[in-house]
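Coordinate-derived values only; no laboratory data. This one's a predicted model, so the numbers in the text were calculated from it and none came from an experiment. Quick reminder, even Gly has a Cβ in these numbers, built from the backbone with ideal geometry, and neighbours come from all protein chains shown.
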Amino acid sequence: MKGSRSLLKKILLIDIVIVVYVILTSSIIDYRSEAKVTDIFIDSVIEWSEKQHGETRQVIERETRLSVEPDEELFSRLKGKILLQVESAGEAWWLNPDDKKRYFLGRPSDTWRMIQSQGIKIVGDELIQYLYFDKSFPSVMAGRFIINEDDITDVYYVSPENLRGIKLKAAEEAWQAIKEQGLGISNEDIRKLKVAEIYDK
């Protein structure tokens, strides 16, 4: 059995070497074709990005148009929470406790940019104190994004429920982690909360 496994590993290794060799030699021999393929790929990515950005703007413009008079009591109950628009397409929003506006969490890159612009920066020592010694953040930080001033990629969302910090990693993971904290809300209610038009910048 060990001998057959060893032989299989050798065969796989040889196959990998052959594939790598073919890729490298073909790229050297036909670099012009490769450049053309790269250009097509880049154009596709740009087109996809523009489409996503357009969809984000459409959602924000729609919700701005359909919003009604703000409900202060509703805001007080939901501030800092992630809201999922369940009667629509499940769009996710973050209700900023400071400016009383909801921020659309459309694309991972948009969400990460919003976190960096709206987050509260604190020094690493203070962050460690809340995470490991106090085991929770002060209530004033509930529902906010906390950024390590010494490392801006070290980011947390403070759960309004238990004041514990939820680690947010790279853009895609942060987006998923945030949406997992979401609270379902009807169109009627969410439209009583102002919309932040941050994507015009």
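The table for this structure:
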{"read-out": "Residue in region 63-78 that is free of Cβ contacts under 8 Å to residues at least 24 places away in the same chain, basic (Lys, Arg) and farther than 16 Å from residue 189 by Cβ present", "value": "yes"}
{"read-out": "Scan of region 133-166 for residues that are surrounded by fewer than 18 Cβ atoms within 10 Å (Cβ to Cβ) and β-branched (Val, Ile, Thr), ordered by number", "value": "140, 152, 153, 166"}
{"read-out": "Residue 126 vs. criteria closer than 16 Å to residue 83 by Cβ, free of Cβ contacts under 8 Å to residues at least 60 places away in the same chain and either surrounded by 12 or more Cβ atoms within 10 Å (Cβ to Cβ) or not small (Gly, Ala, Ser) (or both)", "value": "no"}
